[in-house]
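What follows draws every value from the coordinates through simple rules; no lab data is involved. Computed from a predicted structure; not experimentally measured. A quick note on method: Cβ atoms are made from the backbone with ideal geometry, for glycine too, and the neighbour counts reach across all protein chains shown.
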Amino acid sequence: MAVNPKGREWGIARDIRLTEAANTSPMHDGKPEVFDGFIMQLDEVTQLPDGTPSLAANVHTTIQAAIIGNGTASFWSTQYHPEYNLYEMGRLIAARGKALVREGLFPDEAAVAEYAAKMMELHANPDSIELRAEFGVGDDIIDPQIREVELRNWLRFIDSRTG
């Protein structure tokens with residue numbers, strides 16, 4: 001791990017692309033080849049164990065997902081957060097307001113609060129064409145059936161091993 005030289009990746013990680021290795025991995029079964037995901041990271045994974053491929057990447061972070069094996073155990077990991085929704089990301093952005101202003105991502109804390117409130121409003125009104133356009137989000141962010149694929153796949157994987 002190291003501080004990402006490109007700075008914080010925050011809010012929505014754009015254009016995450018599955019790698020060729022993801023085609024044979026259970027983590028992303030049913031996920032679109034390119035998708036957006038929630039994120040709030042200053043650091044990035046810089047190196048994976050030998051033989052462990054990156055399963056997803058974007059222009060900000062070359063390792064967005066991996067399954068790291070250790071004998072009979074495996075650790076599923078993503079830089080982005082499939083467990084978040086617009087409400088939780090809005091709350092996290094509001095909580096990180098001072099840092100986001102200090103890092104130059106917002107002009108002031110009032111702008112952070114407004115952005116976070118609109119994100120939470122979109123959570124409450126996911127069909128709002130205006131808010132979807134303002135945030136530039138599609139169903140990969142709005143629909144939990146797409147957004148949470150990795151979580152369901154992990155549960156199925158665990159169930160198949162204990163079943």
Practice task
Among the lysines, select those whose C-alpha is under 26 Å from the C-alpha of K98, and discard any that sit fewer than 8 residues away in the same chain.
Solution key: K6, K118
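What list do you get for Y87, Y80, Y115 if you sort them by fewest beta carbons within 10 Å?
The most exposed by this proxy come first: Y87, Y115, Y80.
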Fill in the blank from the handout: Projecting the Cα atoms of L92, G37, V112 onto the charge dipole of the stretch 24-134, where Lys and Arg contribute +1 and Asp and Glu -1 at Cβ, the residue farthest towards the positive end is L92
Problem - Inter-probe distance in nm under a simple model that places probes 7 Å from Cα toward Cβ, at T72 and I158 - result: 1.8
Completion exercise
Between the modelled labels at E114 and T62 (7 Å from Cα along Cα→Cβ) the distance in nm is 3.9
Practice task
Give the share of C-alpha pairs in each 10 angstrom bin for the chain, from 0 to the last occupied bin, in whole percents, shortest bins first.
Solution key: 10, 36, 34, 16, 3, 0
Fill in the blank from the handout: Once N125 and R102 are pulled to full extension, the length gained, defined as 0.36 nm per residue separation minus their Cα-Cα distance, is 5.2 nm
